[in-house]
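Comments concern the structure below.
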């Protein structure tokens, strides 16, 4: 096998990994949905670069000695071998979506934006479904307390309460481009007698425990949700939210 | 004695030795991937240390997120090699750096790409005979001030259009100033290595294209992996609380966010949202974060060290950092 062929195999492996992440939907664990087709496209290009002649695996066998490209490629660095690392990590470890273990350093409360809060959407089956970002923003930043008395439905995973006081926080990550820039949105769940396992995904219905808005406080405490109906659900796809701006 | 003058005996031996070593390399890849496939997910259960689990997700996320932009970048750099002859570039680009550098910086604003895409492109431009100062100005401006990034910034800072303008001016000024400074004090010898290594060219265009694209993918891709690993490690190890404690000191806050931009290595399409979430910090400090990030971070330093050489990187990174901080502070003073 010539050096070019070895590189072709590696490009093929990398491209196939990208295609697999795209096709199986696992790419959603790492990047926002808008980027997923681009990951697939990158996989196609990588596979093509690895396969197509004159340098790829599908080239005609060179008639003479040497590997055809001859003096074209100069001495190559070995650093390209590192491209094998993400391939092996994806195949061996299959990194999951970010979970409770990543929360501590990434917790965030959304800003108030321009202070305009659109009307709530209509309730479905007795509760208003909303993103964690909308719940947090209305709870913490809306001076007119649009959440007061409204029954809401939230989806997130359980994170043990800080200080080991029992109870848990409902958590959802919001990512902007990829999981490296994730921030955790959290609400304290009160009134659920059942202990919930760390990282268990839950659908929680309940009402917000009103508190005066902290419009300009950069790090207010997370809002509290008085739960009256909690049941476990499968991890939603995609697992993240993608904007701290809920309007529009 | 006789064997050394006998070419018929010596040459095949060498060829056989080289190809045997390479055959092992190639089969190693196949073997590793096959093992990985057959034991899929087996390691996941044993990765209980929480930091390691976060690390793998963040690491893969950075690589996956950068991959499309890297591929786009190497396709463009392959096209430059195959289609743009040095003679054409010489005619198009003004000879004086005073004109070429701002021209290249403005040209960069038209290419929507990630910073990982622009490093190999700049390498190819230098190899094609573009003066390094202009290629570097292009490399700095392309990821920082393209339309996608500006729209993302406007979305992340609603009701604050001055933030978008300040980012545009700060980043454009950074790329022009760094380019001009480099044209004055930069030593050709620090980048000339690029020209030797990447020269290639000639022959059928398709071969030149694939050869250049594959070469750049190999190099830049490898260093992207190094940078992603470094960024993931620092994200896991440096607690956010430590950074926030710093936010209360204005001067320290500027340096801290500048340093954070270097360390986090977030792509320029995303950094505005991260900056928007750092509400503890002043707008000016967050502007520094936005101007520094696309110009210099751990991932870029690693890639530049490969494309332009280590001697280049150790001089270019500090220069860019200082210029970016100063330009952001000036833009912030004027606009925010």
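The values are calculated or read from the model by the stated rules, or taken from the named source; none is laboratory data. Remember, predicted model here, so these are calculated numbers, not experimental data. Cβ placement follows ideal geometry from the backbone for every residue including glycine, while neighbour counts extend to all protein chains displayed.
List of remarks:
- Of all residues in the range A:227-248, those being assigned to a loop (DSSP other than H, G, I, E, B) and touching a helix residue (DSSP H, G or I) at 6+ places or on another chain (Cβ under 9 Å) number 10.
- Where residue B:32 falls short, out of the listed (1) more than 17 Å from the chain's Cα centre (by Cα); (2) assigned to a helix (DSSP H, G or I); (3) modelled with pLDDT of 70 or more; (4) in the same structural domain as residue B:175 (by TED's automatic domain parsing): (4)
- Residue check for residue A:41: at the interface with chain B (Cβ under 9 Å from one of its Cβ atoms), at pLDDT 75 or above and touching a helix residue (DSSP H, G or I) at 6+ places or on another chain (Cβ under 6 Å): no
- Complete set of residues in the range A:2-36 that are on the phi > 0 side of the Ramachandran plot and buried (at least 21 other Cβ atoms within 10 Å of the Cβ): none
- Matching strands (runs of 3 or more DSSP E) fully within the range A:140-226 where at least 1 residues are under 27 Å from residue A:116 (Cβ atoms), within 14 Å of another protein chain (Cβ to nearest Cβ) and touching a residue at least 60 places away in the same chain (Cβ under 8 Å): A:168-174, A:183-190
- Residues in the range A:63-85 that are at pLDDT below 55 and either over 13 Å from residue B:207 (Cβ atoms) or more than 7 Å from every other protein chain (Cβ to nearest Cβ) (or both): A:63, A:64, A:65, A:66, A:67, A:68, A:70, A:71, A:74, A:75.
- Verdict on residue A:127 being more than 9 Å from every other protein chain (Cβ to nearest Cβ), at pLDDT 75 or above, crowded, with 19+ Cβ neighbours inside 10 Å and more than 24 Å from the chain's Cα centre (by Cα): yes
Conditions tested, residue by residue: (1) at pLDDT 85 or above; (2) crowded, with 24+ Cβ neighbours inside 10 Å.
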site: B:245; (1), (2): no, no
site: B:257; (1), (2): yes, yes
site: B:329; (1), (2): yes, no
site: B:336; (1), (2): no, no
